[in-house]
Amino acid sequence: MHRLRWLLSFALCACMNEAVVDLDAGGAATSADAGTLANPDAGPVVGRGIYEHDVLDAAGETIPLSRFNGQVTLMVNVASRCGFTYQYEALQTLQSRYGERGFSVIGFPANDFGNQEPGTDEEIQEFCTSTYGTTFPVFGKISVLGDDKHPLYVSLTEDSAEDFQGEIGWNFEKFLVTGDGIVVGRFQSRVEPTDTRLTDAIDVLLGE
């Protein structure tokens, strides 16, 4: 626990001092923190209950996220025609590296940004498996913004600890969630899935 507190504190300081610029398909730029990890000196982490939600799989079947209780997860809003779509490869690298240790990437296709996920659920599944060989779950399309924002993303962006709140800025934002369903990290689109700030935090949460 001491090592977890030290690492997350160190990583938070590093992330707070680095800004990135995310470019959308039309060339617009938005500045954002590269990422944020839980500050162990800020008191108890709040925002439990991420795994209490249900989602639909690509076949329209209801899947309770409680199946991930006890696992560390990385939740990502994904898109097939985005400048960051190549990150699927690194997300699969994480899945292959950590999957047997109680970790899973979870993809949530969303068409909220630049119409970059226009396909059907079936088409998205085919794209992910044939292009990137994904083995982690990619669920049915949802919205991560606006009036029809999925309840899961309400919890992630509104009900988590204050450091992690705020609307999704673009595709491939990443939320690191503990086995208890608590958000302890949020990383912007330009942060690669294999960035050491993220992988070091995963290692600590998995007990390495």
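Here, each number is a calculation from the coordinates, and none is a lab measurement. Computed from a predicted structure; not experimentally measured. FYI the Cβ positions are ideal-geometry reconstructions off the backbone, even for glycines, and counts take in every protein chain you see.
Some observations on this one:
- Among V154, V204, the order by Cβ neighbours within 10 angstrom, fewest to most, reads V154, V204.
- Per-residue Cβ neighbour rank within 10 angstrom, fewest leading, F172, F68: F68, F172
- Summed side-chain charge close to F139 - residues other than F139 whose Cβ falls under 11 Å, Lys, Arg +1, Asp, Glu -1: -3
- Close amide H partners of S104, meaning residues 5 or more places away or on another chain with modelled amide H under 5 Å apart, are V72, T73, L74.
- Along the range 173-180 the Karplus relation, 6.51 cos²θ - 1.76 cosθ + 1.60 evaluated at θ = phi - 60°, assigns HN-Hα couplings of 6, 10, 10, 9, 10, 6, x, 8 Hz to successive residues, with x for each Gly and Pro.
- Amide hydrogen proximity for V55: with H placed 1.01 Å from N in the peptide plane, the residues at 5 or more positions away or on another chain lying under 5 Å are I63, L65.
- Summing charges over all other residues whose Cβ lies under 15 Å from the Cβ of D148, with Lys and Arg as +1 and Asp and Glu as -1, gives -3.
- Gain on full stretching of the segment that runs from E126 to Y86 - 0.36 nm per residue minus C-alpha separation: 12.8 nm
- Residues S104, S130, arranged from fewest to most other Cβ atoms within 10 angstrom of their Cβ, appear as S130, S104.
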